[in-house]
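Here, each number is a calculation from the coordinates, and none is a lab measurement. Keep in mind the model is a prediction, meaning the values are calculated, not measured. Cβ: placed from backbone, ideal geometry, glycine included. Neighbour counts: every protein chain shown.
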Amino acid sequence: MTRHLRVDGPNHDDRLDHMAQGVLGQPLNRLEGPLKVTGRATYAAEARPRNMAYGVLVQAEIPAGKVLEIGDAPGALAVIQDKRMIHYAAQGQAEKAPPSGPERVEYMGQAIALVVAETFEAARHAAQNIAIRYAPETVPVIPESVTPELPPKKQSATGDLDQAMRDAAVTVDQVWHTPSQMSAAMEPHAAIAEWDGGHVTVRAGLQMLSSNRKQMADALGIRESKVRLLAPYVGGGFGSKLGINAEAVAAAIAARELNRPVMVAMTRQQVFDLAHRRSETRQRVRLACDANGVLSGIGHDVLVSNLPGSEFSEPVTQATPFTYQAAHRQIVHAVSRIHRGCAGSVRAPGEAVGVTVFECAMDELAEAAGIDPVELRLRNIPDAEPVTDRPFSSHKLAEALRDGAERFGWSARKPSGQRIEGEWFIGMGMAAAVRVNMLVESRARVTLHQDGRAIVETDMTDIGTGTYTILGQLAAEMLGLPADRVEVRLGDTDFPPAAGSGGSFGAASSGNSVYLACEEIRSQIARTMRCDETDLTLHDGMARAGNVSRPLSELIDGQITAEGHLQPGKTEKTHRQATWGSHWAEVAVNRWTGEVRVRRMMGVFACGRVLNEKTARSQCLGGMSFGIGIALTEAMEHDPRDGHVVSRDLAEYHIPCHADVPELEVHFLPERDAYVGPLQAKGLGELGICGAGAAVLNAIHNACGVRVRQLPATPDKIIAGLD
Amino acid sequence: MREFTYLRAASLADLPASATIIAGGTNLLDLMKHEVMAPDALVDITRLDLNRVESEDDGLRIGALVRNSDLAAHPVIRRDYPVLSRALLAGASGQLRNMATTGGNLMQRTRCPYFYDRRMACNKRDPGAGCAAIGGVTRNHAILGASDHCIATYPGDMAVALRALDAVVNIDGPAPRQVPLADFHLLPDDTPEIETVLRPGEIITGVTLPAPVGGQHRYRKVRDRASYAFALVSVAAVVGMEDGRISQAALAFGGVAAKPWRDPEVEAVLAGQEPSDALFAEAAEILLRPAKAWGENQFKIPLLRRSLIATLRDATGMEAKP
Amino acid sequence: MQITLHLNGATHDLDVDARTTLLDALRHHLGLTGTKKGCDHGQCGACTVLIDGRRVNSCLTLACMAEDAQITTIEGLGSPDRLSPLQQQFLDHDGFQCGYCTPGQICSATGMLEEIAAGWPSHASASLEGPFALSHAEIAERMSGNLCRCAAYTHIVAAIRQAAGADDRHEDAA
């Protein structure tokens, strides 16, 4: 039986609050945790089928042009140059494979061949020394060097922003730059492909198996039913594994050709070249307000880039239309077509850099208007979505601001440059956090066995987000079982297709599908108990209705299996759905060297129902640390002549290390959002990053008076503004 | 990585002349994986008896195989040469310091990303090919002593402290010799592929430190993240004070040239003077007179100036004053 | 070439390419995939193992150079039903998310606590003379050779401090 729900209306009944088991929301340890801390969880490259060969990708050494000839590779089993090899990774949720054909080079570092050998060492050496002849072409690689496209659907204007800027008592009109950024998940992309007749099984690092399966089938030119994907453990994604990438397609082609299993693991340098980068952005923000800080105008004018023909463009302004009220508004979204590596989704596409810059602009406006930054934001929270007048599904920004200010000790903040400890200027900064909320179609199967064990199966992934644990808790709660009686099986396209991990929609979408499957099982138990499902209490393997209490083992004949199927519905149109929060940071800035140290950082977040307080907190810690990276350390440098990634390893591309991150503090605001399905839970994986960097940058200004508008705020940018 | 013959040396006499020496391997294997280095033979010297720290005359002799972590924690180094402990602890990571050796660290090659990338022209890797770094991303390149042929820096920390300490490199080979660290690394000129005075068939057996000079020891490293990153600039300082005046100052600088940089004129202007911001500015002015930027690394000029001033203020006790 | 590795208390004879790193020997030849490859260049710490009790990057160690040493990998520290104290604290504090850097973090922390016990200073130490506190700053600096992109750092440091504290109490009792 399948229970289906399209989310067309609100759920005010708080069903999950009335369940008896009491495990949902609890800070339980991760179900798969013992495997991870002992090194027994096996990731993409960690199966060892018999007779496996090793493949290493060969990369283009020109920014654009044609591959005329690929030489031999002594010591190799094969050099694969197949027209099905893809140019770059598929975008998230794409149903087709990306462009293919390795004879055409679109950017430096593109995978143009695969060398396969008996050992990894032999394959690597052969790949490094293969002779290639090209017909290179000259192409633009700098965003400002070309006339950008202005996609009509991405522009919007209401009122007259120019006039509002002229009439306003206080304005801000500044330009910020953010560099290309890399997801840099710790597990490099890898795949092991193996054929059985016409069926291929690919074990890979992937976030969204159901769409990845479509992409893979399309890339290989075979039916979807002939493709099985496995991703039981994924060593981080952050967007980089949303779509299939060159290594997985090449592994499948090679395994077919050699008729044996083939593993292809990218080197870290290849990940920097081949995983989607977050586009660099140029953002002009214009703000106009009256003397009381009430906004009259908001302008957000952005330039991003991508390869010609690539549909994705960083949705920088995604939260701008609804975060603050103003009568006069304008959004300009320009895309330069250049030949750097493909741009795509990196954790919180859009808001990660868009909210960060916008919240820096708000800090500048607060300073210009002489109004406390928290107060400025409180004065501009709209009652409904501006322009469309849609109601918000829930709105917790004001509460997050007030709660955060109190907890962080915001009132102790001093004017800029007035707090000095030895060589260090000390300052405090804050920012709002906001991220759009989405649901995506998702299915799950739940089986309740007579012995009181339940099994959850879905092709959902756990990329560190806690999926195993929260889906187990949900089933345990709904079916009245101790959490350790639920087994969760993920990451296999043989299971019902799920939303996948991306866009912060994974937990709520897959969680609702598990909820629905369990609801169906409860209904069947209720029928046996001769009661309404809503009157049924399940707890520790016992079913209770009125004064009748029976063990599940008596009520189930063998097992009950049900599938849950969730689809987003009208509420995503009728209501503006978002998650909210506030970020707070205290930094020290060295007055001589411009080094910045984050001394304290705190986030207050509202994301609907919290499914596991421990794993939810971890999601936020991760997001906030990404924010530290955006603010202080992360920049992919592109060579100005050929666009290649110069900082293409973890020594040159600085993700925050232990010493960059203080003891972070996270608080959740209790919330139930009625418009996002019966779970009443929203996304959380990305909220923590949205605006976090702005709190750090605003704290830098409060500390030493320097506004860094060219991110990241490395020592060179700081000392340029110091005496 | 190209195939190679792996050999193990049982004694110094045992060393084959043509093999590339491997000890900690932290930089060599890194470069071999990229085939930036591709030796035909590797000789593993980790079993040689070169891992002791011993008193010698008034100073200290440090074996070439002494690991960075052991050296940093050595009680005599901590007590008498703390600038060296500090420099070592500011470098790399706990794991890498457990592997990297004193000799190997002196032989560490540049982090120039164009040197590391075989797609790019590099005179150091391929003499005469040109320098792709010039006109490229130069954020972490040299501002002192560079040439039109190469703008790479020596990236290490340990050697910067050794330079301030007047260390001497002990070399074994057909003709054993001692070379002051000051002369060990070479500026690029038109032969950037020649990085040190070490000749084929020679091996570093250790480093000798002269008698300790006391004073205030500082190692200030400025980098793009709080740890586990190479220096943008660094300053090693050993500063003596007498009667409110600077009696002597030994100052070496990292991240700014193809070798640990030291300028006697900078030290001369400080000697005998009362510490003051004006004096330190004058010293920085002298230090940076020959500085030249190559695009993006322009910031290193003011950053080095500020880092020197801050280090001197700290070492002379000025920073503590209100 | 034929080599012999002493690993987690057992002896293994292997036939490897001289180019094979200890990391690849573990993963490709011995099936011990708990030691992770994150960068292969000593820039992330995911491959950290203990050699003669010291934490090192196995990606920058040739397997043939590790022949005489005692090697301990994450598999040698504990198993899912017998967690080491550090493994238990990582689990309880959620000191990981995706889990890929985790074995390296735990091996590194195991070696790092020995370094503190041996009185080794760090870049974060105000004085080079010990003893050194198990403060956030000390542990964070000493663990900085282990990157975590999920950024479980706050929880990792808490887990290590708790595990070290428990050890202290144990020593007091003994």
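Please work out the C-alpha center-to-center distance from the range A:442-502 to the range C:6-45 and express it in whole Å. After rounding, the separation between the Cα centres reads 34 Å.
Note on residue B:10 and residue C:133: with the Förster distance fixed at 51 Å, the Cβ-Cβ geometry gives a FRET efficiency of about 0.70.
If only the Cβ of Lys and Arg carry +1 and only the Cβ of Asp and Glu carry -1, the dipole of the protein assembly as shown around its Cα centre is close to 1560 debye.
Between residue C:10 and residue B:199, the modelled label-to-label distance comes to 5.2 nm, taking each label 7 Å out from Cα in the direction of the beta carbon.
Expressed as a whole percent, how much of the Cα-Cα distance distribution for the range B:216-320 exceeds 16 Å? So the portion of pairs separated by more than 16 Å is 55 percent. FRET efficiency for the residue A:147 to residue A:257 pair, using the beta carbon distance and R₀ = 41 Å, is estimated at 0.40.
Straight-line cross-link partners of residue A:96 among the lysines, defined as a Cα under 16 Å from its Cα and at least 8 positions apart when in the same chain: A:83, A:214, A:226, A:241.
Comparing B:260, B:212, B:176 in a Gaussian network model of chain B where C-alpha atoms under 10 Å apart are linked, the largest mean-square fluctuation is found at B:176.
Rounded to the nearest Hz, the phi-derived 3J(HN,Hα) couplings of the range B:306-318 under the Karplus curve 6.51 cos²θ - 1.76 cosθ + 1.60 (θ = phi - 60°) are 5, 5, 5, 4, 4, 5, 5, 4, 5, 5, 9, x, 5, where x marks glycine and proline. Each of A:490, A:473, A:456 was placed along the dipole of the range A:451-500 (beta-carbon charges, centred on the mean Cα), and the one lying farthest toward the positive end is A:473. The mean count of C-beta atoms from other chains within 10 Å of the C-beta of residues in B:216-224, rounded to a whole number, is 4. Per-residue ellipticity at 222 nm from helix content only, as computed over chain B with -39500 (n - 2.57) for each DSSP H run of at least four residues, stands at -7000 deg cm²/dmol. State whether chain A is rounded, prolate or oblate according to the following rule on the C-alpha gyration tensor (a ≥ b ≥ c being the square roots of its eigenvalues): a/c under 1.5 gives rounded; otherwise a/b larger than b/c gives prolate, and the remaining case gives oblate. It is oblate, given that a/c is not under 1.5 and a/b is not larger than b/c. Compared with the alpha-carbon gap, the fully stretched path from residue A:389 to residue A:414 is longer by 5.2 nm at 0.36 nm per residue.
Output the DSSP H helices from chain C with an along-axis C-alpha extent of no less than 18 Å and a mean Kyte-Doolittle hydropathy no less than -1.0.
Both cut-offs are met by C:102-117, C:153-173.
Indicate the gyration tensor shape class of the range B:198-257 (rounded, prolate or oblate), computed on the Cα atoms with a ≥ b ≥ c the square roots of the eigenvalues: a/c under 1.5 is rounded; otherwise a/b larger than b/c is prolate and the rest oblate. Judged from the Cα gyration tensor, the range B:198-257 comes out oblate (a/c at least 1.5, b/c at or above a/b).
The translational diffusion coefficient of the protein assembly as shown, from Stokes-Einstein at 4 °C and 1.567 mPa s with a Kirkwood hydrodynamic radius over alpha carbon pairs, comes to 41 µm²/s.
How big is D for the range A:207-338, in µm² s⁻¹ as a whole number, if Stokes-Einstein is applied with the Kirkwood radius of its Cα pairs at 4 °C and 1.567 mPa s? It comes out at roughly 70 µm²/s. Considering only B:310, B:253, B:269, the residue lying farthest towards the positive end of the dipole of the range B:216-320 is B:253, judged by Cα position with unit charges set on Cβ.
What does the structure give for C:14-20 when I average, per residue, the other chain Cβ atoms found within 10 Å of the residue Cβ?
For peptide C:14-20, the averaged partner shielding equals 5.
Inter-label distance, residue A:8 to residue A:104: 4.4 nm, where each label sits 7 Å from its Cα along the C-beta direction. Normalised by 2.2 N^0.38 Å, where N is the number of residues, the C-alpha radius of gyration of chain C stands at 1.04.
Which of rounded, prolate or oblate describes chain B when judged by the alpha-carbon gyration tensor and an a/c cut-off of 1.5?
Judged from the Cα gyration tensor, chain B comes out oblate (a/c at least 1.5, b/c at or above a/b).
Within the listed set C:133, C:69, C:109, the Gaussian network model of chain C (springs between alpha-carbon atoms below 10 Å) gives the highest mean-square fluctuation for C:133. May I ask you to work out the translational diffusion coefficient for the range B:5-44 at 37 °C, viscosity 0.692 mPa s, via Stokes-Einstein with Rh from the Kirkwood sum over Cα pairs, reported in whole µm²/s? In µm²/s, the coefficient rounds to 313. With just the Cα atoms defining each centre, how far is the range A:539-606 from the range B:263-297? Give it in Å. Distance between centres, Cα-based: 58 Å.
Across the range C:2-77, C-alpha contacts under 8 Å between residues 6 or more apart give a mean separation that, scaled by the residue count, equals a relative contact order of 39 percent.
For the residues of A:40-50, the average number of beta carbons from a partner chain within 10 Å of their own beta carbon is 4. Between C:47, C:21, C:76, the Cα set farthest toward the positive side of the dipole of the range C:2-77 (charges on each charged residue's Cβ, about the Cα centre) is that of C:47.
Note that the range B:101-140 shows a convex hull volume over its alpha carbon atoms of 78 Å³ per residue. Sorting the segments B:18-24, A:682-688 by their mean number of nearby beta carbons within 10 angstrom, highest to lowest, gives A:682-688, B:18-24. For the range A:642-723, taking the reciprocal of the average inverse distance between every pair of different Cα atoms yields a Kirkwood hydrodynamic radius of 16.6 Å.
Result for chain B in a Gaussian network model with C-alpha springs under 10 Å: among B:197, B:160, B:36, the largest mean-square fluctuation is at B:197. Sites listed here are trypsin sites (Lys or Arg not before Pro) in the range A:510-556 whose DSSP assignment is loop and whose Cβ has at most 16 other Cβ atoms within 10 Å: A:530. What would the Debye equation give as log₁₀ I(q)/I(0) for the range B:80-231 at q = 0.12, 0.14 Å⁻¹, counting only Cα atoms as equal point scatterers? Reported log10 I(q)/I(0), two decimals: -0.57, -0.78. Each 5 Å bin from 0 upward holds the following percent of the Cα-Cα pairs of the range C:2-77: 3, 19, 32, 29, 14, 2. Set the Förster distance to 41 Å, then compute FRET efficiency between residue B:57 and residue A:663 from the Cβ-Cβ distance, nearest 0.05. It comes to 0.25.
Under the criterion of Cα pairs below 8 Å and six or more residues apart, the relative contact order for chain C equals 22 percent. Placing pseudo-labels 7 Å out from each Cα toward the beta carbon at residue A:160 and residue B:282 gives an inter-label distance of 6.4 nm. Computed over all pairs of different Cα atoms, the Kirkwood value for the hydrodynamic radius of the range C:85-170 is 12.9 Å.
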